Amino acid sequence: MRLGKLRYDSKFMAIKFFKETKHWCVHWMCKQLEVSRSAYYKWLHREIPGQELENIKLAELIKEYDDRFSHILGYRRMTSWINHFNHTNYSKNRVHRIMKKLNIHSIIRKKRKRYKSSTPETIAQNKLNRDFYATVPNQKWVTDVTEFRIPGEKKKLYLSSIFDLYDRYPVSVVVSR
C-alpha cells in the first residue's frame, strides 16, 4: 500500500501486479485503464519522495503502537503517544489519514451495567414522612445497607449503618459478607 498522493497510484499498482503474475500486456492494460504507458513507466522507475518515506515510517509506528496498546488508541491518543515517545511532531490529521488508510481504529468497549435493580420483599412503613430533623438525641434513627463488589473477585461486602438524625453521626456500623 502506498501512502503517497499520486493520482493513478492504484491503477499503476494493478498494472504492475498483473504484468508480474499473469504476464498481461502493459500496452493493453494502460489502454483499458485510460492511463499512458509513459506515465506508468515513469511511476515504475520513480524515486520514493521523502514525505512518502516519512509516511511509511509513521505507518510502521502506528501498527506497532496499535498492537502494543491492544487496539484501544484513537488517532488523538495515538498522535500524543507517538510524539511523546519518539520525540516527533506529527499532526493529528496526518496520523488520522494514515490510520484510515491502514483501517486502524480504536475499539470502543461497551459499558457494562453496574447495578441490577431488585424489588424488596417487604417495605417498611413510612413513619418519618420525609421529616429528617430531630430535636433531641435518640429520637429518630435511620438505617441503610450498601453493597460493595470486591475488585477481581466475585464476592461482595455489605455495609450496614445506623444514624441518629439529631447529630447525624453513626450509632452503629457493621461490615460483613
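The values are calculated or read from the model by the stated rules, or taken from the named source; none is laboratory data. All values reported here derive from a predicted model rather than from experimental measurement. Note: ideal-geometry Cβ built from the backbone for every residue, glycine included; neighbour counts use all protein chains shown.
Count of segment 127-153 residues, restricted to those that are loosely packed, with under 10 Cβ neighbours inside 10 Å, in a strand (DSSP E or B) and among the charged types (D, E, K, R), is 2. Could you please let me know if Asn93 is outside any strand (DSSP E or B) and assigned by TED's automatic domain parsing to the domain that holds Leu61? So Asn93 passes the test.
Quick test for you: out of Ile82, Ile72, Ile15, pick the one residue that is surrounded by 15 or more Cβ atoms within 10 Å (Cβ to Cβ) and under 26 Å from Arg109 (Cβ atoms).
Numbers: Ile72 fails: surrounded by 15 or more Cβ atoms within 10 Å (Cβ to Cβ); Ile15 fails: under 26 Å from Arg109 (Cβ atoms).
When all the criteria are applied, what remains is Ile82.
Screening Asn93 against (1) touching a Leu at 6+ places or on another chain (Cβ under 7 Å); (2) under 23 Å from Gln51 (Cα atoms) leaves a single unmet condition, (1). Checked across segment 90-111, the condition of being surrounded by fewer than 10 Cβ atoms within 10 Å (Cβ to Cβ), of a type outside the set (Asp, Glu), modelled with pLDDT of 90 or more and out of contact with any helix residue (DSSP H, G or I) (no Cβ under 6 Å at 6 or more places or on another chain) holds for at least one residue. Residues in segment 16-46 that are within 21 Å of Lys101 (Cα to Cα) and hydrophobic (A, V, I, L, M, F, W, C): Phe17, Trp43. Taking segment 120-152 as the range and being farther than 22 Å from Ser176 by Cα and acidic (Asp, Glu) as the test, only Asp131 passes. Looking at Val175, Val136, Val142, just one residue is of a type outside the set (Lys, Arg) and touching a Phe, Trp or Tyr at 6+ places or on another chain (Cβ under 6 Å), and that residue is Val142. Just one of the listed residues (Arg68, Arg76) is more than 25 Å from Gln51 (Cβ to Cβ) and assigned by TED's automatic domain parsing to the domain that holds Asn55, namely Arg68.
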